[in-house]
Structures are given as structure tokens and as C-alpha cells.
Amino acid sequence: MRKSYNKKSLIADLSNQTGLSANYSKKLFEDYIQIIIDNICDGELKIKNFGVFKVLKKAERIGRNPKTNKEYLIKSRKSLSFKPSKKLIEYLND
């Protein structure tokens, strides 16, 4: 089992497991990822028996370099959060 995947290896696995061509698997994979991204941008995406993706809005704040104690402004930004479903956690723990 691999510990990390890249896009190319995921597409190859999809093609091998489904018997579809590599080009068709690539198109399916890219379309699926785009659907997920579009729905996450709306604020929240729930995938049953998998988990919930949420966009968190982080406020502007003051940061400090611990070495020099120099302060600087950290701009506001968006961050992505994922909370796995209970079924996914159970599957991973079994």
C-alpha cells in the first residue's frame, strides 16, 4: 500500500481497476475533482459515509518570529477543514 499518491498514479489505479482507458480515466478523475472543488467553494461539502469538507475563514492577526521577536501582520485567508465520518473512522481502525 502506498503512503502517498500523485495524480498520475491515482489515474493509473482507476484505469486498472475499472478497465477504462487511461485518457477516459484521466477525464473522469479531473471532472470529479473539479466538482468537489466547486462544491467546497460554496462553503461546505458533505459526502455521506466519507466526511465533511468546510471552508474556514481565518481573521487577520499579529504574528511573531520567535527567534527575533519581530511582529508582523498575517493577512486574513481561507483554510480547508476535513472531518471524517464515523464509518470512515471505523473502517480505518478495523
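The values are calculated or read from the model by the stated rules, or taken from the named source; none is laboratory data. Quantities reported herein were computed from a predicted structural model and do not represent experimental measurements. For neighbour counting, all protein chains shown are included, and Cβ atoms are generated from backbone atoms with ideal geometry for every residue, glycine included. Accessible surface areas use protein heavy atoms only, side chains included; no ligands, DNA or RNA. Shrake-Rupley method; radii C 1.70, N 1.55, O 1.52, S 1.80 Å.
Some observations on this one:
- Members of the range 47-91 that are hydroxyl-bearing (Ser, Thr, Tyr) and open to solvent by less than 100 Å² (accessible area, probe 1.4 Å): 68, 76, 79, 81, 85
- Hey, residue 18 open to solvent by 80 Å² or more (accessible area, probe 1.4 Å) and on the phi < 0 side of the Ramachandran plot or not: no
- Among the residues making up the range 23-39, those that are of a type in the set (A, V, I, L, M) and open to solvent by 60 Å² or more (accessible area, probe 1.4 Å) are 28, 33, 35, 37.
- The condition of being open to solvent by 100 Å² or more (accessible area, probe 1.4 Å) and among the acidic types (Asp, Glu) holds for residue 42.
- Search result, residues across the range 35-70 that are among the polar types (S, T, N, Q) and either touching a residue at least 40 places away in the same chain (Cβ under 8 Å) or more than 24 Å from residue 86 (Cα to Cα) (or both): 65, 68, 69
- Annotation: residue 2 fulfils all but one of (1) in a loop (DSSP other than H, G, I, E, B); (2) within 20 Å of residue 88 (Cβ to Cβ); (3) of a type outside the set (S, T, N, Q); (4) modelled with pLDDT of 90 or more; the unmet one is (4).
- For the range 57-94, the candidate set comprises residues that are closer than 17 Å to residue 41 by Cα and of a type in the set (S, T, N, Q); within that set, the residue that is modelled with the highest pLDDT is 76.
- Search result, residues across the range 44-67 that are assigned to a loop (DSSP other than H, G, I, E, B) and more than 30 Å from residue 13 (Cα to Cα): 59, 60, 65, 66, 67
- Checklist (1) touching a Pro at 6+ places or on another chain (Cβ under 9 Å); (2) assigned to a helix (DSSP H, G or I); (3) among the β-branched types (Val, Ile, Thr) applied to residue 37, failing item: (1)
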